[in-house]
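Right, one structure below, let's go through it.
The values are calculated or read from the model by the stated rules, or taken from the named source; none is laboratory data. These numbers come from a predicted model, not from an experiment. Quick reminder, even Gly has a Cβ in these numbers, built from the backbone with ideal geometry, and neighbours come from all protein chains shown. Protein only, heavy atoms only, side chains kept; ligands, DNA and RNA dropped before computing areas. Shrake-Rupley method; radii C 1.70, N 1.55, O 1.52, S 1.80 Å.
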Amino acid sequence: MPAPSVIIGAFAGNGAMLWGDLVQTFFKGALSGYVIGCSAGILTAILIHRSLFLRRGLLPVGNFLAALPIVGTAPIFVMWFGFGWQSKAAVVIAMVYFPMLINMVEGLSSSDAMQRDLMKTYAASYWQTMFKLTLPAAMPFAFNGLKICTTLSLIGAIVAEFFGSPTLGIGFRISTEVGRLALDVVWAEIIVAAVTGTVFYGLVAASERGVTFWHPSIRGRSAS
Amino acid sequence: MSEHAISAVDLGLEFPTRDGKIEALQQINLEVESGEFIALIGPSGCGKTTFLRIVAALEKPTSGVIRVNGLSPEEARKARSYGYVFQAAGLYPWRSIAANVRLPLEVMGFDRRERDDRVRHALDLVGLSGFEKQFPWQLSGGMQQRASIARALCFDADILLMDEPFGALDEIVRDHLNEQLLALWQKTGKTVGFVTHSIPEAVYLASRIVVMSPRPGRITAVIENDLPTERPLEIRDSSEFIAIAQKVRHALRAGGDAHD
């Protein structure tokens, strides 16, 4: 392993390149895949919530998608969607969709019978109940899914670049610099990825505390 | 026929189980006048909660006829004829106290200014002014239950259905809330259906006490309560109060089967 001073040197010498790689892999590939994949998971869960048949029927399909090995799907997505960030986003979507869906499906069923009876006594419509009870009650589960997907999305975007990308991106850089034995640059990229993943997770966790401030697992912590 | 707030004729509800049919309710006949305070009392499994849930259209009877304000329970629910108070307060933890009380008004489409007026008025009625911005988990159990009563009152339905609302509270809080509920009933003149396990509570609150018994769930006695409408808490030590409580106790014994 290269000395820390050498890695710091790699940062200093390659600032613009590291930034370009980060933009390509995280902001273009991982983040757009994350937003699209998680939104799709949430929307699917809301749409199938009404039907027990769809809930039972779609989960195995989602599970099947999640079980597809990324090293197999990534080259195929590159063939379909090209070398650019779009194919990386597609890999990320395939990775985050199912964890988000399953958490959201679970969350939408988490209101209790009495809370639902209460809405019934007001003769509330299905969508009124959805927006005033079912969705707020699902938020702790939704954030579990969103947090799991932060790291998944970054891993997916990096690994997908191993199978073809333009000449930038964290995954591209790691695979080529390993070949050139430039381990200081590899370590610099690893640190960039790790810090980005941690900050991303931290931002989602912070917004979770804002949204689910009422949940027993959160409200105890800020009070004391 | 529509002067009755609630009228049940030969009402029954049975549901199948693995060991045969269970009769949760059998041959229930009951007429509740508008403005009455009816207490339903009996041991667990006597169907008192089930009856209240049928009135609220949360449960469907399998035989007989029930009318609520002259309508079917389903129509009455759609006409928002009743407020329902559950055993637990069941406030939504992501909403402040004021927002919880506002919930039915939002669902029913009241306009913003009227919503605020009604929330203020309802919280005032149950003595919770000043707690608007608190969240449910920051309040004691008794205060939460009072907020849930405000929530049932705020849209001004004629009928208030209460399912053991004070069952989980300690006796001191319970006494206090009983007193407030009685005052509230006298002030508003609503029809109240009140399910309870407690004989003193039933006698203190109700104008008529319906005694029920289990297996099958049925009404075994209806006892008129002729205590004066003005009821300080001390009335519970009077001989008239004790006499009515004894009547209720005897009726419960005669119904038998109170071993659980």
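Numbers at a glance
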read-out: Filter result for B:Arg77 (open to solvent by 10 Å² or more (accessible area, probe 1.4 Å), within 13 Å of chain A (Cβ to nearest Cβ), part of a helix (DSSP H, G or I) and within 22 Å of B:Arg208 (Cα to Cα)); value: no
read-out: Residues of the range A:51-92 satisfying the condition of being of a type in the set (D, E, K, R), modelled with pLDDT under 90 and open to solvent by less than 70 Å² (accessible area, probe 1.4 Å); value: A:Arg55
read-out: Check on B:Val101, under 24 Å from A:Trp127 (Cα atoms), part of a helix (DSSP H, G or I), more than 17 Å from the chain's Cα centre (by Cα) and within 13 Å of chain A (Cβ to nearest Cβ); value: yes
read-out: Residue match in the range B:35-50 (condition: in contact (Cβ under 8 Å) with a residue 60 or more places away in the chain and within 14 Å of another protein chain (Cβ to nearest Cβ)); value: yes
read-out: The range A:160-192, subset free of Cβ contacts under 8 Å to residues at least 40 places away in the same chain and in a helix (DSSP H, G or I), residue nearest to A:Phe77 (Cα to Cα); value: A:Ser175
read-out: All positions within the range A:177-204 that are in contact with a helix residue (DSSP H, G or I) (Cβ under 6 Å, 6 or more places away or on another chain), under 20 Å from A:Tyr34 (Cα atoms), of a type outside the set (Val, Ile, Thr) and open to solvent by less than 40 Å² (accessible area, probe 1.4 Å); value: A:Ala193, A:Gly197, A:Phe200
read-out: Complete set of residues in the range A:193-206 that are in contact (Cβ under 8 Å) with a residue 40 or more places away in the chain and closer than 18 Å to A:Asn144 by Cβ; value: A:Gly197, A:Phe200, A:Tyr201, A:Val204, A:Ala205
